[in-house]
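Reviewing the structure listed below.
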Amino acid sequence: MNEQLSLQTSAAVERALAEIRAGRPVVLVDQGEHLLVAGVEALDAEMAATLPESVAVRLILPAPRLRRLGLTERDAAGAVALPVLDVKRVERLALQLEAKIDAPVSAITPLEAAGLELARLALILPTIVTMEVSHDAVRNADWLQVEADAVRHYRRESAAHLAIVSRAPVPLDGATETEFVIFRGGEGMRDQVAIIVGKPNFAQPVTVRLHSACLTGDLFGSLKCDCGDQLRGTVQYMAEHEGGVLLYLDQEGRGNGIANKIRAYKLQAQGFDTYDADEVLGFDHDQRGFDFAARMLQLLGITRVKVMTNNPIKIAALASAGLDVVSAERILGRQTDQNIHYLATKRDKAGHFIDLDELVVRAKATE
């Protein structure tokens, strides 16, 4: 795909994401086939009345949600045929805690898989309603159309077109020699930030942290996580140890978005752990990709890194992107009554390198 065509198709996906987030359906096109896709998050009686009648209406449910509906061994998304577009039934299967699957589940088509990807990219709930529509119906309606292939390749293409758009010194408390570098061109055209602390030598392995934005922890000091402590602890460490680069990535809620993160928090308040809450909503354990983060480092001229992380996925992602990961250091925050279960769950279910005994020792040392 040439660069000009790639930019055009990426722009088409951006428009489709805006439509889906606004609660309007879009049409995916693939080799003459047209599939109308609507997110269940915005589906109500009023919206349903605007959709065409179709004998091929399907509810597309991701694998995590199907497991919650009783298909405990399910590892792939599936489709439930809907004789009619029953909004209450869709809501029950997509969202209700005690719901059980009430019909046969079949494999989804490649077009339907592209529809699920569109929902994930739009940061809405990852469940959709689809219906086959004719070329004439599409031509006579005002639905936005987008090529399915553009959606399938969007993540890769958006990482390839990252560019630095601005940079300036921004002195921080405890790290006065700091520069912010702003990138644009990643998923959803959201700006991403590289914070260069001190004067790291890019010819040598550079201390690096990939930090996903956490509004509740980073800004408001939430006791439910350790994100704010990790953020400030990283900057302090870099300021005291020959500098480094912190990538502040717009990937709230492990890539699910702030709205879904708060939905998950409500479920956690009802007794679910951090990963089970996401699964109820239809999300896998981690929706994030780090290929664009690796590209940010490469654009800065960094090829060898010392990673500050507890997450083995980040280490593997940087290595697979071609960076030389020479070491990995742990970065620990505070243990609180509210986050101890969260930290243990990340250790036990996602393999994070978290030593809770060490946290207890550190907490006692500061008393």
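To the nearest 10 degrees, how steeply does helix 340-350 sit against the main Cα axis of the chain, on a 0 to 90 scale?
70 degrees
Looking at the chain, how many pairs of lysines come closer than 23 Å at the Cα, when each pair is eight or more places apart or spans two chains?
20
Mind telling me which of Gln270, Gln287, Gln96 comes out most flexible in a GNM of the chain, alpha-carbon contacts under 10 Å?
Looking only at Gln270, Gln287, Gln96, the biggest GNM fluctuation is shown by Gln270.
Between Asp324 and Glu91, how many nm apart are label points set 7 Å from Cα along the C-beta direction?
Between Asp324 and Glu91, the label points sit 5.8 nm apart.
Work out how far the C-alpha atoms of the chain reach from end to end along every principal axis, then list the three figures in whole Å, largest first.
65, 49, 31
Residues of the range 290-322 with amide nitrogen under 14 Å from the 7 Å Cα-to-Cβ point of Arg190?
Residues 290-293 qualify, since their backbone N sits under 14 Å from the label point.
How far apart, in nanometres, would the label points at Ala137 and Ser106 be if each is projected 7 angstrom from Cα along the Cα-to-Cβ direction?
About 1.6 nm separates the two model spin labels.
Considering the options Gly174, Leu210, Leu118, tell which one lies farthest towards the positive end of the dipole of the chain, charges being +1 on Lys and Arg and -1 on Asp and Glu at the Cβ, about the Cα centre.
Farthest along the dipole direction, towards plus: Gly174.
For the range 244-367, with only Lys/Arg (+1) and Asp/Glu (-1) charged at the beta-carbon, what is the dipole magnitude about the Cα centre, in debye rounded to 20? Don't jump to the answer; show the numbers that get you there.
Values: 16 positive and 17 negative charges, 60 e Å.
For this selection, approximately 280 debye.
Just to be sure I understand the model, the point goes 7 Å from the Cα along the line to the Cβ. What's the resulting Asp250 to Asp149 distance in nm?
So the label points at Asp250 and Asp149 sit 2.8 nm apart.
Using alpha carbons only, how many angstrom separate the centre of the range 95-132 from the centre of the range 309-360?
31 Å
Quick check: residue separation of His161 and Glu73 times 0.36 nm, minus the Cα distance between them. What number comes out in nm?
Extra length available between His161 and Glu73 comes to 27.8 nm.
Give the relative contact order (percent, whole number) for the range 1-132; include only Cα pairs under 8 Å separated by 6+ residues. It would help to have the intermediate numbers written out before the result.
On the way: 198 pairs, mean separation 43.7, N = 132.
So the answer I get is 33 percent.
Which one, Leu144, Met47, Ser106, projects farthest toward the positive side of the charge dipole computed for the range 3-155 from Cβ point charges (K/R +1, D/E -1)?
Going by the Cα projections, it comes out as Ser106.
Taking the Cα centre of the range 3-155 as origin, sum charge times position over the Cβ atoms of Lys and Arg (+1) and Asp and Glu (-1), and report the length of that vector in debye to the nearest 20. Walk me through the intermediate numbers first.
Values: 16 positive and 22 negative charges, 109 e Å.
Approximately 520 debye in magnitude.
Identify which of Leu116, Leu210, Leu300 has the largest mean-square fluctuation in a Gaussian network model of the chain, with springs joining Cα atoms closer than 10 Å.
Looking only at Leu116, Leu210, Leu300, the biggest GNM fluctuation is shown by Leu300.
GNM on the chain, C-alpha springs below 10 Å: top fluctuator among Val87, Val206, Val26?
Val87
A short reminder: the numbers here are calculations on the coordinates, not readings from a lab. Everything numeric in this text was worked out from a predicted model, so none of it was measured. When we count neighbours, we look across all protein chains shown, and the Cβ atoms used for this are built from the backbone with ideal geometry, even at glycine.
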